[in-house]
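Values quoted throughout were computed directly from the atomic coordinates according to the rules given, and no laboratory measurement underlies them. Bear in mind the structure is a predicted one, so any value in this text is a computation, not a measurement. We place every Cβ from the backbone using ideal geometry, glycine too, and count neighbours over all the protein chains shown.
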Amino acid sequence: MKKVHLLVINAFIRPFAVTFFIVMFVLLMLFLFKYIDDLIGKGFEWYVIIQLLWYASATNVAMALPLAILLSSIMTFGNLGENYELVAIKAAGISLQKAMYPLFIFISAIGITAFLFADYMLPIANLKMGSLLYDVRNKKASFLIDEGIFNTSIPGYAIRVDKKSADGQHLQGVTIYNQAIGSSNSIILAKEGEMYKTPDNNYLILKLKDGVRYEETSGENYYNPRQRLIRTYFNSTEQNFDLSSFQFKRENENLFRSNYLMLNSKQLKKAIDSIHQQNDSINGKNFDYNYPYYPYFSTPNLSKGAASNLQKSSVNVLQSLPAEKRLTAIIHAQEQIKVIAANVSNNAKNYVERDKEQKNYVVEYYRKFTLPVSCLVLFLIGAPMGAIIRKGGLGLPLVVCIVFFLAFHIVATIAEKWAKEGNLNPMLGMWTAILVFTPIGLFLTYKAARDSVLFDIEVYKKMFKRQSATRKQ
């Protein structure tokens, strides 16, 4: 028995490791394609890109792990079936369930590790990646002057050169427009120049030669509103430009720490309780806000008899007032209605926003528990599917894996969306895919244990021929 268990585990580990890293690589490439526009042309150091990819790979574990388990389990039992090793195992008196038992324990250990990773490591990875990605996306593109094109990257300036040397330092035909707010309009034209940056890369220095500067200034005062044009010729001048906004700066990570993706299960539970208390407080204060605007409730010393008389009275209250006071009473009532409607509307908006926020926290809380269980469910689907199709490699097992994983992912995504929109209980929404596919896995295990021909086309052809012959008779 122990040799069979070792055989099954050894047959599973290699496909699992290979498929896991392949899936991680594919997901990482999808991440790069998604944010490629935010990375190109900004002059990042190599270690910044490596850090971003490292954190992104950690966040992809939640999708890569179940997919790798499904594909590797199909491949493992497909290879065992194709090489008639499953037949030998069953001939030795070991059922398919007993052959799956060591892998079930192994997958359970992987699931526990996945839960610990999702609860402790994944929030940190989300925090690191979220803050780094925010800084990367907000960094300006590297300052670059192309020939014949105005560069407006520096606020308030437009710079154009006719020609540029191969090293990018010597310029010919330089034009600089100063459009800074609060300054006079000026244009600098120079035949040639030299460009370089300070050692800290915070300033760009342009040394211009043989040029002219045109500057327009407003009038000196109200009595002399005429504008002036000043033209200044120079043999050599120097212009400094601030490039500090082009430098890569890191924001404080604590600004992102309150996001639900950056919290572990204990922190999520605490945040859910806090939001729930706030919602209860809003609902409790709703009547207190509107209480003073209802004279019936706020009138002091209202006896029970007077209250009952008011309830039983069929007289129109407006008709009971003097004619000269009716308009004032209507205006006063309309003002009270507007105040009440504004209070109710504001409280309703706050409640909806907090309720939506609470659903996001609840969904993320149960996601940490559904990850290890989804690994077991997909194993229960993959192992019997491999035993039924009896095909190894990456051909048919990959097709079957994609079909089942897409179905699982679509159901999980739709249920999660309904849960966040309030159409489904958040806990039920996160467990819907598992509740749907667990019976499928048990059914496939039952059929595989009895050597089912569930995917044998010849069996279905014979069945169709029998039905056709029966109908003709």
Exercise. Quick one: which of 340-348, 51-59 comes out on top by average Cβ neighbours within 10 Å, and what's the full order, highest first?
Worked result: 51-59, 340-348
For this session: Determine which aspartates and glutamates satisfy two conditions relative to residue 3: a Cα distance under 20 Å, and not lying fewer than 8 residues away in the same chain.
Result: 82, 85
Exercise. Which peptide among 170-176, 276-282 comes first, and what is the full order, when sorted by highest mean count of other Cβ atoms within 10 Å?
Worked result: 170-176, 276-282
Seminar exercise, completed: Surpassing 26 Å at the alpha-carbon level, of the pairs 98/391; 270/356; 269/349; 98/368; 391/447, are 98/368
Exercise. ³J(HN,Hα) across the stretch 204-210 via Karplus (A = 6.51, B = -1.76, C = 1.60, θ = phi - 60°), whole Hz, x for Gly/Pro?
Worked result: 9, 10, 10, 9, 9, 10, 6
For this session: Find out how many positive minus negative residues lie around residue 75, taking Lys and Arg as positive, Asp and Glu as negative, among other residues whose Cβ is under 15 Å from that of residue 75.
Result: +1
Problem set entry | Environment charge at residue 9 (Cβ cut-off 14 Å; Lys +1, Arg +1, Asp -1, Glu -1) | +3
For this session: Starting at the first residue of the stretch 341-351, write each ³J(HN,Hα) from the Karplus equation 6.51 cos²θ - 1.76 cosθ + 1.60 with θ = phi - 60°, in whole Hz, x for Gly and Pro.
Result: 5, 5, 5, 5, 5, 5, 5, 5, 5, 4, 5
Problem set entry | Burial ranking of peptide ranges 67-74, 362-369, 328-335, 102-109 (average Cβ count within 10 Å, highest at the top) | 67-74, 362-369, 102-109, 328-335
Seminar exercise, completed: Diffing the stretch 325-334: the Karplus 3J(HN,Hα) column from phi (6.51, -1.76, 1.60, θ = phi - 60°), in whole Hz with x for Gly and Pro, holds 9, 5, 4, 5, 5, 5, 4, 5, 5, 4
